[in-house]
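The values are calculated or read from the model by the stated rules, or taken from the named source; none is laboratory data. Since we're looking at a predicted model, the values are computed, not measured. Glycine gets a Cβ as well: all are built from the backbone with ideal geometry, and neighbour counts include every protein chain shown. SASA here: full protein model, heavy atoms, side chains in, ligands and nucleic acids out. Shrake-Rupley method; radii C 1.70, N 1.55, O 1.52, S 1.80 Å.
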Amino acid sequence: MTAATALIGVDWGSSNLRVLRIAAGGAVVERRADPRGAAGLASGDFPGVLEAVAGDWLADGAPVLVCGMAGARQGWVEVPYCPCPAGVADIAAGLVRPDPARPLAIVPGVAFNPGGVLTDVMRGEETQALGLAVDGLVVAPGTHSKWIALDAGRIVAVQTCMTGELFSALRKATMLGVGMGDPGGDTDAFRRGVGRGLEDRNLGAALFSVRVEGLAGRLGPTGAADYLSGLLIGAEIAGQDPDRLSGPLTLIGDAALSARYREALEMAGGRDVRVADVEQATAAGLWRIWEAGQ
């Protein structure tokens with residue numbers, strides 16, 4: 001027997017949409033996905049897209065909780081960031097309901113503003129991190145990787161690294177990308193890139209090594225992509241406080257990318273690196289926030 005729907009969870013990223021039917025306690029009953037991400041929508045488009053993707057679920061009257069870029073300035077409705085330290089109750093207190101006639105709310109993102117100075121923000125990853133219910137360091141690799149520190153169940157710091165976007169830009173708009181294939185097929189090249197990224201603090205010079213390695217015949221088109229990926233991930237990790245890598249660290253995101261980060265983190269000395277299920281963490285986070293808001 002299929003569990004009853006207690007909550008409809010929506011994770012609205014910049015480039016895609018995920019809708020989850022969630023049972024009491026946070027378990028995922030059913031899922032749907034759609035490529036209409038928040039970045040391509042005007043404010044008035046969001047209700048119609050959600051209706052098109054999950055209208056039959058919405059008809060049952062279950063409450064709906066939306067996290068991610070739907071709450072951004074260019075999203076459905078702007079939802080103010082919740083300042084760190086931020087726990088489940090703090091996030092729940094900042095929920096915004098765009099239409100009082102509907103049981104739908106949007107989750108605020110989190111802002112890191114030490115000393116009253118805004119230094120970083122995130123939307124969506126806070127829900128995933130809080131769904132893990134762990135303390136320590138959580139890393140959400142992606143276009144904009146997030147390094148999230150949690151203490152006593154609250155998010156206390158966040159740092160964003162534009163590693164994925166930089167990788168894409170270098171491949172598409174620089175000489176390094178000429179003739180470069182897709183990554184994923186050369187583990188040795190990836191590890192060599194990680195090693196260079198971990199050791200060389202001069203990123204500009206390290207990047208040119210992609211070109212040199214190719215000229216020297218040590219990298220083919222696919223290897224070049226893996227080497228560049230490793231180099232950028234290694235440089236991202238090298239920019240972290242080494243002490244932060246010694247304790248428990250949880251990766252959450254795309255499975256293949258998380259596996260790459262895990263390998264790179266272990267090369268950097270990480271001794272307790274775990275990979276979490278991003279869908280389950282999102283559902284659990286949405287459920288915890290919803291419960292706290294009742």
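Brief remarks on what is shown
The rows are residues; the columns are (1) open to solvent by 30 Å² or more (accessible area, probe 1.4 Å); (2) in contact (Cβ under 8 Å) with a residue 40 or more places away in the chain.
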| site | (1), (2) |
| --- | --- |
| Phe46 | no, no |
| Val49 | no, no |
| Trp57 | no, yes |
| Arg73 | yes, no |
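- Residue within the range 80-103 that is surrounded by fewer than 16 Cβ atoms within 10 Å (Cβ to Cβ), among the hydrophobic types (A, V, I, L, M, F, W, C) and farther than 19 Å from Gln294 by Cα present: no
- Selected residue [buried (at least 23 other Cβ atoms within 10 Å of the Cβ) and either in a loop (DSSP other than H, G, I, E, B) or free of Cβ contacts under 8 Å to residues at least 60 places away in the same chain (or both)] from Arg21, Arg32, Arg36: Arg21
Table: residues versus (1) surrounded by fewer than 16 Cβ atoms within 10 Å (Cβ to Cβ); (2) modelled with pLDDT of 95 or more; (3) touching a Phe, Trp or Tyr at 6+ places or on another chain (Cβ under 6 Å).
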| position | (1), (2), (3) |
| --- | --- |
| Ala169 | yes, yes, no |
| Asp182 | yes, no, no |
| Arg191 | no, yes, no |
| Gly217 | yes, no, no |
| Tyr227 | no, yes, no |
| Gly230 | no, yes, yes |
| Ile237 | no, yes, no |
| Ser258 | no, yes, no |
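- Yes/no for Ile155 being within 22 Å of Arg73 (Cβ to Cβ), of a type in the set (Val, Ile, Thr) and touching an Asp or Glu at 6+ places or on another chain (Cβ under 8 Å): yes
- The set of residues from the range 165-187 being free of Cβ contacts under 8 Å to residues at least 24 places away in the same chain and either closer than 19 Å to Met267 by Cβ or aliphatic (A, V, I, L, M) (or both) comprises Ala169, Ala173, Val178.
- In this structure, Leu257 does not qualify as in contact with a strand residue (DSSP E or B) (Cβ under 6 Å, 6 or more places away or on another chain), on the phi < 0 side of the Ramachandran plot and not small (Gly, Ala, Ser).
- Failed item in (1) within 18 Å of Asp99 (Cα to Cα); (2) open to solvent by 50 Å² or more (accessible area, probe 1.4 Å); (3) within 20 Å of the chain's Cα centre (by Cα), with Ser15 passing the rest: (1)
- The range 132-158 - residue that is touching a residue at least 24 places away in the same chain (Cβ under 8 Å) and under 14 Å from Pro83 (Cα atoms) and, of those, most open to solvent (accessible area, probe 1.4 Å): Arg154
- Residue within the range 269-279 that is under 25 Å from Gly26 (Cα atoms), in a helix (DSSP H, G or I) and open to solvent by 20 Å² or more (accessible area, probe 1.4 Å) present: yes
- Condition met for Thr222 (open to solvent by 10 Å² or more (accessible area, probe 1.4 Å) and not in a helix (DSSP H, G or I)): no
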